[in-house]
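Visitor: Could you have a look at this structure, given as structure tokens, before my questions?
The values are calculated or read from the model by the stated rules, or taken from the named source; none is laboratory data. Please read all numbers here as calculations on a predicted model, not as lab measurements. Cβ placement follows ideal geometry from the backbone for every residue including glycine, while neighbour counts extend to all protein chains displayed. When the accessible area is computed, the model is the full protein with side chains, heavy atoms only, and any ligands, DNA or RNA have been set aside. Shrake-Rupley method; radii C 1.70, N 1.55, O 1.52, S 1.80 Å.
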Amino acid sequence: MSEGLRDRKKHETRKTISDIATRLFIRNGFEDVTIADIAAEARVAKMTVTNHFPRKEDLVFDIRADFVSWPATLIRDSVFHDTRELYFEALGAEHALVGFSGPGFVRMIKESPVLTNALHEMHRERETALVDLLIRRHPEEDLTPTLAAAHLATVLRVLFQEVFDRTLEDEKAIVEELWPLAEQAFDQ
């Protein structure tokens, strides 16, 4: 089997497991679904599930690596300008990295202390990635890179939460309503 085919099969298996787990979690609640339940539904071994997802919450947050690295990978020249522009692209596309998902998914996360903590941890990791990038770019600065990363991470976190809250309230025009608020947040 070629390496490309092997990687594609691994990716497909990972996505299938994640999709099935998410569906089970939304239907039955995160705490009430076991790894064995997921493995049975996905028709794979429990070890296959845990090889792809070391922690149960990783099944829900299968975009964790992208979520954490996303702001740092956006930055080319100006931290705030680049992030602002690309944030609005993601907002217009209703991308998961800025909080878009279905009401059932949001409810599942909000009802689970484990998932709520995992989401908070992802936001902290995102801020750490930004701090690391800005310190590498500006090693001569004292607290400025750390403060800039904290401000930017806070804007992204607050806007993410706004999308989540509006999704849970089943609002239909989230992008249109959030756009001016996001502009205000970035302007500050």
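Visitor: Given the structure, is T144 open to solvent by less than 80 Å² (accessible area, probe 1.4 Å), touching a helix residue (DSSP H, G or I) at 6+ places or on another chain (Cβ under 9 Å) and farther than 27 Å from D19 by Cα?
Guide: yes
Visitor: Is at least one residue of the stretch 49-62 of a type in the set (A, V, I, L, M), open to solvent by less than 50 Å² (accessible area, probe 1.4 Å) and outside any helix (DSSP H, G or I)?
Guide: yes
Visitor: Next up: Just to be sure I understand, how many residues within the stretch 63-76 are touching a residue at least 12 places away in the same chain (Cβ under 8 Å), of a type outside the set (D, E) and assigned to a helix (DSSP H, G or I)?
Guide: Qualifying residue count, the stretch 63-76: 8.
Visitor: List the helices (runs of 4 or more DSSP H) inside the stretch 100-188, counting only whole elements, that have at least 1 residues being at pLDDT below 90.
Guide: In the stretch 100-188, 113-137, 144-168, 174-187 are the helices (runs of 4 or more DSSP H) which contain 1 or more residues that are at pLDDT below 90.
Visitor: For F100, indicate whether it is in contact with an Asp or Glu (Cβ under 6 Å, 6 or more places away or on another chain), under 20 Å from E85 (Cα atoms) and in contact (Cβ under 8 Å) with a residue 60 or more places away in the chain.
Guide: yes
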